[in-house]
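Student: Just passing along the structure, written as structure tokens.
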Amino acid sequence: MNLKGFHKGLMLAAVGLFSLVTVNTSAQTLQGAGATFPYPIYKEWFTKFQQATGVGVNYQSVGSGQGYNALKAKTVDFGASDAPLTAEEERAMPAPVVHIPTVGGAVVLGYNVPGVGAGLRLTSDIVAGIFLGKITKWNDPAIVAVNKKIALPDLAIQPAHRTDGSGTTYIFTHYLKKVSADWAAGPGAGKSVNWPAGIGGKGNAGVAGAIQRTPGAIGYIELEYAVKQNIAYASLKNRSNNFVAPSVQSVTAAIAGAVNELKKDIKTPIVDSAGKNSYPISGLTYILIYKANNPNNANVTKLWDWALEKAQQEFAQTLYYSALPDKLVGVNKAVLKSIPGSSVH
């Protein structure tokens, strides 16, 4: 093996624990890295895009924090994050960065409670209490009060959370910050926080695995991970006092409830959104691209224009994501056009 091949082998071994989409290894291959939240739909998109255009995408699903780091280091053509960059993070970048939301999704509370199947209900106070370490048993009176038809066991609760910098954590903790004064005054919100209690896992897949392995566990994961791995997940009481299950439709309702704010500021969180049918832990996931010259910008902008115009509806619903409304697609197209070297007209 030559030296170049040896270094390539080391790189692949280093990312072996992460999900990886590698489509086409020619000079026409784009590099991306970041969020695990949208990985299932990105995997489908990138495969279809290569088939349609001959341009491949090598995407490392390593978490939003690592996506930010890779973009900052200029080792990728685009980063992916469920957490918009803070003002401080943007200032630290070597060039201006644009945010392009791609799809919406639900962060669900998956659980593993022996003898309890689907149908668990939770309120914001209960969720905050569990992750603050204040509600520690599944038969706690607060949980029993909203689940009177379910026999809840005298079993310790094991909250599961992300150990890596994560956009899924960003969405979940922004929800907790908005609905719980105790959480806002304590851990707060971000891609990483100091968790008061619980067990950890890396990536959405890692948290899903922790839930499956641990009787009494409850953790936050993207909806598709729960569905595909047969993990039960809870309905949540929203700001209209309705218990709403996570679904494509309830996330679409949450996006619709926030669309006017999003048109003013695309970074606006959509957690605890208005609307009687809105699922309260909904979020958008973003692509981050430098608004600066890059020899691959024509293909980068071509990819995301194609994904937002042609691929959203085809794959979103079957993979449990919510397509963006036309108003936001229009905002995205204008941003893509503004990137130097853009192929979008």
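The values are calculated or read from the model by the stated rules, or taken from the named source; none is laboratory data. Quick caveat, the model's predicted, so the values are computed rather than measured. Note that each Cβ is placed from the backbone with ideal geometry, even for glycine, and that neighbours are counted across all protein chains shown. Only protein heavy atoms, including side chains, enter the accessible area calculation; ligands, DNA and RNA are left aside. Shrake-Rupley method; radii C 1.70, N 1.55, O 1.52, S 1.80 Å.
Student: Can you give the FRET efficiency to the nearest 0.05 for A52 and K337, using r as the Cβ-Cβ distance and R₀ = 30 Å?
Tutor: 0.90
Student: Heavy atoms only, 1.4 Å probe, whole protein assembly: order R213, R162, R121 by accessible area, highest first.
Tutor: Output order, biggest surface exposure first: R213, R121, R162.
Student: Highest mean first, what order results for 250-257, 319-326 on Cβ atoms within 10 Å?
Tutor: 250-257, 319-326
Student: Considering only the chain, what is the antiparallel percent among its DSSP beta bridges, to the nearest 5?
Tutor: 60
Student: Another question about this same structure. Per the 1.4 Å probe, what fraction of the accessible area of the chain, in percent, lies on carbon and sulfur atoms?
Tutor: In the chain, the share of accessible area belonging to carbon and sulfur is 51 percent.
Student: Another question about this same structure. For the stretch 121-189, state what percent of all Cα-Cα pairs lands in each successive 5 Å bin, counting from 0 Å until the bin that includes the largest distance.
Tutor: Using 5 Å bins, I get a P(r) of 3, 17, 25, 22, 17, 11, 5, 0 for the stretch 121-189.
Student: Right, next: Determine the dipole magnitude for the stretch 242-345: charges of +1 sit on the beta-carbon of Lys and Arg, -1 on that of Asp and Glu, nothing else is charged, the reference point is the Cα centre, and the result goes in debye to the nearest 20.
Tutor: Here the size comes out at about 240 debye.
Student: Compute a Gaussian network model of the chain, connecting alpha carbons closer than 10 Å, and tell me which residue from K263, K148, K202 fluctuates the most.
Tutor: Result for the chain, Cα springs under 10 Å: K148 fluctuates most.
Student: Let me ask another. As an exercise, identify the trypsin sites (Lys or Arg not before Pro) in the stretch 271-326 lying in DSSP coil whose Cβ has no more than 13 other Cβ atoms within 10 Å.
Tutor: Passing sites in the stretch 271-326 are K276.
Student: Excluding ligands, DNA and RNA, what is the solvent-accessible area per residue of the chain at a probe of 1.4 Å, expressed in Å²?
Tutor: About 42 Å² of surface per residue is accessible.
Student: Placing +1 at every Lys and Arg Cβ and -1 at every Asp and Glu Cβ, with all other atoms neutral, what dipole size does the chain have around its Cα centre, in debye to the nearest 20?
Tutor: 60
Student: Under a 5 Å amide H to amide H cut-off, with H placed in plane at 1.01 Å, what residues pair with I157 once short-range neighbours are removed?
Tutor: For I157, the qualifying residues are K137, W138.
Student: What residues qualify as long-range amide H neighbours of G190, i.e. H under 5 Å apart, gap of 5 or more or another chain, H built at 1.01 Å from N?
Tutor: Excluding prolines and chain starts, which carry no amide H, the hits are T173, H174.
Student: Using helices alone, what [θ] at 222 nm do you get for the chain, with -39,500 (n - 2.57) per DSSP H run of 4 or more residues, divided over all residues and rounded to the nearest 500?
Tutor: Only helices count here, giving -11000 deg cm²/dmol.
Student: Can you compute the charge dipole magnitude of the stretch 290-345 about its Cα centre, using +1 on each Lys and Arg Cβ and -1 on each Asp and Glu Cβ, nothing else charged? Give it in debye, rounded to the nearest 20.
Tutor: 200
Student: Return the sequence-ordered ³J(HN,Hα) values of the stretch 72-88 in whole Hz as given by the Karplus equation 6.51 cos²θ - 1.76 cosθ + 1.60 applied to θ = phi - 60°, using x for Gly and Pro.
Tutor: Listing the rounded values in order: 4, 7, 6, 9, 9, 7, 8, x, 9, 8, 7, 10, x, 5, 6, 4, 5 Hz.
Student: While we're looking at this one, here's another question. Per 10 Å bin, what is the whole-percent P(r) computed from every C-alpha pair distance within the stretch 178-246?
Tutor: 17, 40, 40, 3
Student: Using the Cα atoms of the stretch 217-345, I'd like the radius of gyration and the largest Cα-Cα distance, Dmax, both in angstrom.
Tutor: In order Rg, Dmax, the Cα atoms of the stretch 217-345 give 16.6, 51 Å.
Student: Taking 7 Å along the Cα-to-C-beta vector as the label spot, tell me the A184-A92 distance in nanometres, rounded to one decimal.
Tutor: 2.6
Student: What list of ³J(HN,Hα) values in whole Hz, one per residue of the stretch 96-106 in order, does the Karplus curve 6.51 cos²θ - 1.76 cosθ + 1.60 (θ = phi - 60°) give from phi, with Gly and Pro shown as x?
Tutor: Those phi angles translate into x, 10, 9, 10, 10, x, 10, 8, x, x, 9 Hz.
Student: Let me ask you something else. Determine by what factor the alpha-carbon radius of gyration of the stretch 248-293 differs from 2.2 N^0.38 Å, reporting the quotient.
Tutor: Expressed relative to 2.2 N^0.38 Å, the Cα Rg reads 1.30.
Student: Also, I was wondering about something else. With each label point set 7 Å from Cα along the Cα-Cβ vector, what nm distance links R213 and E314?
Tutor: 3.8
Student: What residue among L155, L122, L328 has the largest mean-square fluctuation in a Gaussian network model of the chain, using Cα springs under 10 Å?
Tutor: Of L155, L122, L328, the Gaussian network model singles out L155 as fluctuating most.
Student: Within the stretch 167-192, what residues put their amide N at less than 20 Å from the label point 7 Å along the Cα-to-Cβ vector of R239?
Tutor: Zone members listed by number: 170-185, 188-190.
Student: Okay, moving on. Pick from A33, A197, A185: which is most flexible by mean-square fluctuation in a GNM of the chain where alpha carbon atoms under 10 Å apart are linked?
Tutor: A185
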